[in-house]
1. If amide hydrogens are placed 1.01 Å from N in the peptide plane, which non-local residues have theirs closer than 5 Å to the one on R194?
2. For L25, list long-range residues whose amide hydrogen, built 1.01 Å from N in the peptide plane, is under 5 Å from its own amide hydrogen.
3. Using each residue's phi in segment 185-199, evaluate 6.51 cos²θ - 1.76 cosθ + 1.60 at θ = phi - 60° and report the 3J(HN,Hα) Karplus result to the nearest Hz, with x for Gly and Pro.
4. Considering amide H positions built from the backbone, and no H for Pro or chain starts, which residues 5 or more places from V113, or on another chain, come under 5 Å of its amide H?
5. Once phi is turned into θ = phi - 60°, what whole-Hz ³J(HN,Hα) does the Karplus curve with 6.51, -1.76 and 1.60 give for every residue of segment 162-168, x standing for Gly and Pro?
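Any read-out appearing in this document is the output of simple, stated calculations on the displayed coordinates, not a laboratory observation. As the structure is a computational prediction, the values presented were derived from the model and not from experiment.
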Amino acid sequence: MRPKVEGAWLLHELSGDLPLDFFVLFSSVTTLFGASRIGHYAASNQFLDFLANWRRAAGLPAISINWGAWEEIRWLSERRDEVGRFGLRRMPANLALQALSSLTNQGVAQRTVADVDWDLLKQAFETRGHRNFFEHLKIKPVADPRPDAASSGWIERLEKIAPDDRREFVSSLITEETRHVLGLNADEQLAADRGLFEMGLDSLMSVQLKGRLERSIGCQLPATLIFTYPTVHALTDFLLAQAVKLLATEAIDAGPGKERNEEQPLDENFADLSDDEVKEMLSAELSSLHPDTSE
């Protein structure tokens with residue numbers, strides 16, 4: 001951090017009396033997105049952005065370019081797969097240099113030059129929480145194909161399973177998808193109560209796991225799903241709760257002309273229940289599915 005900050009400031013001071021045509025600073029997209037484990041790098045580049053904007057406001061030439069990934073950068077060659085999986089594609093040097101040549105003549109203080117898969121990047125970064133930056137990007141959400149039909153299939157499968165066996169069914173589904181994302185062999189154990197991130201899951205893998213679970217059950221799940229429920233056991237509890245809600249909805253929509261589960265009769269005034277009353281009903285249902293839970 002210190003060399004980049006002090007070096008840029010010294011160039012600013014020592015060139016103060018020179019009739020410069022250009023004052024170009026190489027910043028990074030990390031100032032826009034943040035960066036895991038290299039916060040000092042993001043902070044030093046943020047200083048370059050501020051310096052360029054300050055110089056332009058003072059009538060001095062300056063531009064700070066927030067670069068994405070270049071093919072030839074040695075540091076990126078060591079982390080190529082990791083950077084690529086987060087949506088930052090590596091740019092050919094000739095294209096990046098063409099952009100550099102164009103930007104130096106535009107009279108702007110700051111621009112970003114990057115090859116980005118915005119859908120993937122947004123999902124990967126928002127797994128840890130909401131990012132205000134992405135509110136300004138017009139990213140078209142990827143529609144889940146036939147979500148209603150998929151949800152119906154999920155509910156139909158659960159309805160055919162005895163209540164005492166539903167937890168095992170959901171847990172098996174989650175375990176299968178988790179093993180796929182982690183790349184575990186058939187003989188490798190996956191403990192239901194062990195943290196998935198302790199087993200090697202990273203932010204992008206959590207996005208992949210969430211997506212696979214969404215396709216399996218046909219329902220949109222929270223962006224922070226895996227961080228909020230970081231074990232197979234916790235995920236099972238959560239998805240069971242979602243299943244109970246869907247089962248209740250299916251029962252309400254069935255109407256008087258369709259059969260209902262005789263073991264779980266529908267309260268005629270269900271639609272008039274308060275949120276707390278519905279929550280109590282869901283908690284009771286979950287307890288019956290998993291009697292030994294402490295939650």
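1. Here V232 satisfy the definition.
2. I63, S64, I65
3. Listing the rounded values in order: 6, 4, 8, 8, 7, 10, 5, 5, 9, 8, x, 5, 6, 5, 8 Hz.
4. N66, W67, G68
5. For segment 162-168, the Karplus curve yields 4, x, 5, 9, 5, 4, 4 Hz.
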